[in-house]
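First comes the structure, then the notes that go with it.
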Amino acid sequence: MTGLQNSRDPARADFDWRLFGQAIRVKCFADGRSQWAIAAEIGITESDLSRARGGQMVSVAKAIACARWLGEPIETWYLPPLPCPMKSTSCTGPNVKHSEAVR
C-alpha cells in the first residue's frame, strides 16, 4: 500500500490511483505509440488516459478498460480496509435511539 487513499480513514476500502497510474505509464512507455493511439485501443479519450497516467481518478468503466489493457485484474490496485483497532462508536452516540430492553 502506498498510503495514498482518497478517504482519510484507512478503515475504509479504497483504490491506489498512484500505483495504477504508474503501471499505465510504464506500459505506455514500453508500447512506444502515441497517447492518442493507445487511448483509442483502450477505448477511452486521450484526456482520460492522461488523467489515469497521472494517478488521478477516472470512472470505474475507464479504470476497468485500462486494467484490461494492462492485462491485470482491477483488484490489483484495491486497498482493503484496515482492521479498526478500536471499537466503532458510530452506534453509541447520544443521538442513537436504543430500545428499552438494551438500557
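Which trypsin sites (Lys or Arg not before Pro) in the stretch 19-82 pass both tests, a DSSP loop state and at most 14 other beta-carbon atoms within 10 Å?
ARG33
Can you run phi through the Karplus equation (6.51, -1.76, 1.60; θ = phi - 60°) for the stretch 66-71 and list ³J(HN,Hα) in whole Hz, with x for Gly and Pro?
Whole-Hz 3J(HN,Hα) from phi for the stretch 66-71: 5, 4, 5, 4, 6, x.
Once amide H atoms are built 1.01 Å from N in the peptide plane, which residues 5 or more positions from LEU79, or in another chain, come under 5 Å H to H?
Counting only residues 5 or more places away or on other chains, the set is ASP14, PHE15, ASP16.
Per q in 0.14, 0.22 Å⁻¹, report the Debye log10 I(q)/I(0) for the stretch 17-79, using one uniform scatterer on each alpha carbon and no solvent.
Computed log10 I(q)/I(0) values: -0.31, -0.81.
Residue separation times 0.36 nm, minus the C-alpha to C-alpha distance between VAL26 and SER47: what's the value?
Between VAL26 and SER47, full extension yields 5.8 nm more.
Modelled label-to-label distance, GLU75 and ARG18, 7 Å Cα→beta-carbon offset: nm?
2.5
FYI, it's all coordinate maths here, none of it is from the lab. Remember, it's a predicted structure, so these values are computed and weren't measured experimentally. Virtual Cβ from ideal backbone geometry, glycine too; neighbours counted across all protein chains shown.
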